[in-house]
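The values are calculated or read from the model by the stated rules, or taken from the named source; none is laboratory data. The model shown is predicted, which means the values in this text are computed figures rather than measured ones. All Cβ positions, even for glycine, are placed from backbone atoms using ideal geometry, and neighbour counts span all protein chains on display. Calculation scope for accessible area: heavy atoms of the full protein, side chains included, ligands and nucleic acids excluded. Shrake-Rupley method; radii C 1.70, N 1.55, O 1.52, S 1.80 Å.
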Amino acid sequence: MYKRVLLKLSGEALSNDKNIFDRKILEDLSLQIKEIVAMGVEVAIVVGGGNFVRGKMAEELNIERSQVDNMGMLGTVINALAIQGALEMMGVETRVQTAVEMTKVAEPYIPRRAIRHLEKGRVVIFGAGTGYAFFSTDTAAALRASEIGADVILMGKNGVDGVYNDDPKVNPDAIKYENLSYMEVLQKQLQVMDSTATSMCMDNNIDLIVFNMNEKNNIIKAVKGESNGTKVTVGG
């Protein structure tokens, strides 16, 4: 079982077809995290903002990419606050830290303070990505995991149970990988996370587990090493 984990969530994982937030998803997520914290595991979270804004909107709206990325960073903070609210309703102590300072709603991101919160059993949720445009929240997850000394990044996918050689939603014959090395991910150009994030995880020897968020208790299983997803490591 891992001691310190970073859970990477997409913004879409918190929503459904009708609503930006799905109450049941937030409650289930919070219950799993509460159980993980009770097991003595330190939990940090990086959440995306895709349920609000995605990079492709720059072209659709005729807005500069950097501006759209700024909009997306604000979306991640909204998601972080939603997760915080759901966790605290379950009695889990949390802190939100943001890379873009907004001290009325969250703490500024300070690595040592984040580590101290984790050591005290608090869940720390990182918002606003890296704080810079042109960097994905995957890169933010790899960066934060490196800075806080996380053992593993748990990457919850929406309806996909691991890494495949092709899109399993389009190609029913797509082959799933059980184990991969980061070098294989880069060489095969697999759509796990962007190359910057992949290289950072490889350089800092951080494991990555890709699993299906929609399967019951799959976050708990991933923490215990019982996930049926894909595990990516330096050695493969």
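Name, by its number, the condition in (1) under 29 Å from THR198 (Cβ atoms); (2) out of contact with any helix residue (DSSP H, G or I) (no Cβ under 7 Å at 6 or more places or on another chain) that does not hold for GLY75.
For GLY75, the exception is condition (2).
Restricting attention to segment 13-22, does a residue exist that is assigned to a helix (DSSP H, G or I), in contact with a Phe, Trp or Tyr (Cβ under 9 Å, 6 or more places away or on another chain), open to solvent by less than 10 Å² (accessible area, probe 1.4 Å) and closer than 15 Å to ILE125 by Cα?
Looking for residues that are assigned to a helix (DSSP H, G or I), in contact with a Phe, Trp or Tyr (Cβ under 9 Å, 6 or more places away or on another chain), open to solvent by less than 10 Å² (accessible area, probe 1.4 Å) and closer than 15 Å to ILE125 by Cα, one finds at least one in segment 13-22, hence yes.
Kindly provide the set of residues from segment 73-100 that are free of Cβ contacts under 8 Å to residues at least 60 places away in the same chain and open to solvent by less than 10 Å² (accessible area, probe 1.4 Å), ordered by number.
If the condition is that a residue be free of Cβ contacts under 8 Å to residues at least 60 places away in the same chain and open to solvent by less than 10 Å² (accessible area, probe 1.4 Å), then VAL77, ALA80, LEU87, THR94, VAL96, GLN97, THR98 are the ones that fit.
From the list SER199, SER227, which one is open to solvent by 20 Å² or more (accessible area, probe 1.4 Å), modelled with pLDDT of 95 or more and touching a Phe, Trp or Tyr at 6+ places or on another chain (Cβ under 8 Å)?
Working: SER227 fails: modelled with pLDDT of 95 or more.
Just one listed residue meets the conditions, SER199.
Give me the pairs: first residue in segment 31-58 and touching a residue at least 40 places away in the same chain (Cβ under 8 Å), second residue crowded, with 21+ Cβ neighbours inside 10 Å and hydroxyl-bearing (Ser, Thr, Tyr), beta-carbon distance under 8 Å, and six or more apart or on different chains, which are they?
Filtered contacts from segment 31-58: VAL46/THR137; VAL47/THR76; VAL47/THR137; GLY48/THR76; GLY48/THR137; GLY49/THR76; GLY49/THR137.
Test VAL105 against the stated conditions and say whether it is among the hydrophobic types (A, V, I, L, M, F, W, C), crowded, with 18+ Cβ neighbours inside 10 Å and more than 15 Å from the chain's Cα centre (by Cα).
It is false that VAL105 is among the hydrophobic types (A, V, I, L, M, F, W, C), crowded, with 18+ Cβ neighbours inside 10 Å and more than 15 Å from the chain's Cα centre (by Cα).
Does segment 165-195 hold any residues that are over 19 Å from VAL5 (Cα atoms) and crowded, with 20+ Cβ neighbours inside 10 Å, and which are they?
Listed by number, the residues that qualify are TYR177, LEU180, VAL185.
Restricting to segment 202-224, and then to whatever is under 16 Å from VAL5 (Cα atoms) and basic (Lys, Arg), can you tell me which residue is surrounded by the fewest Cβ atoms within 10 Å (Cβ to Cβ)?
So, considering only residues that are under 16 Å from VAL5 (Cα atoms) and basic (Lys, Arg), the one surrounded by the fewest Cβ atoms within 10 Å (Cβ to Cβ) is LYS224.
Given the conditions (1) open to solvent by less than 40 Å² (accessible area, probe 1.4 Å); (2) farther than 19 Å from LYS34 by Cα; (3) touching a residue at least 60 places away in the same chain (Cβ under 8 Å); (4) not hydrophobic (A, V, I, L, M, F, W, C), report the number of the one that LYS157 does not fulfil.
With (1) open to solvent by less than 40 Å² (accessible area, probe 1.4 Å); (2) farther than 19 Å from LYS34 by Cα; (3) touching a residue at least 60 places away in the same chain (Cβ under 8 Å); (4) not hydrophobic (A, V, I, L, M, F, W, C) applied to LYS157, the lone miss is (1).
To keep it simple, each residue is scored yes or no on (1) modelled with pLDDT of 95 or more; (2) among the hydroxyl-bearing types (Ser, Thr, Tyr); (3) at negative phi; (4) within 14 Å of the chain's Cα centre (by Cα).
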position	(1), (2), (3), (4)
ALA99	yes, no, yes, no
GLU119	yes, no, yes, no
SER146	yes, yes, yes, yes
ILE153	yes, no, yes, yes
GLN191	no, no, yes, no
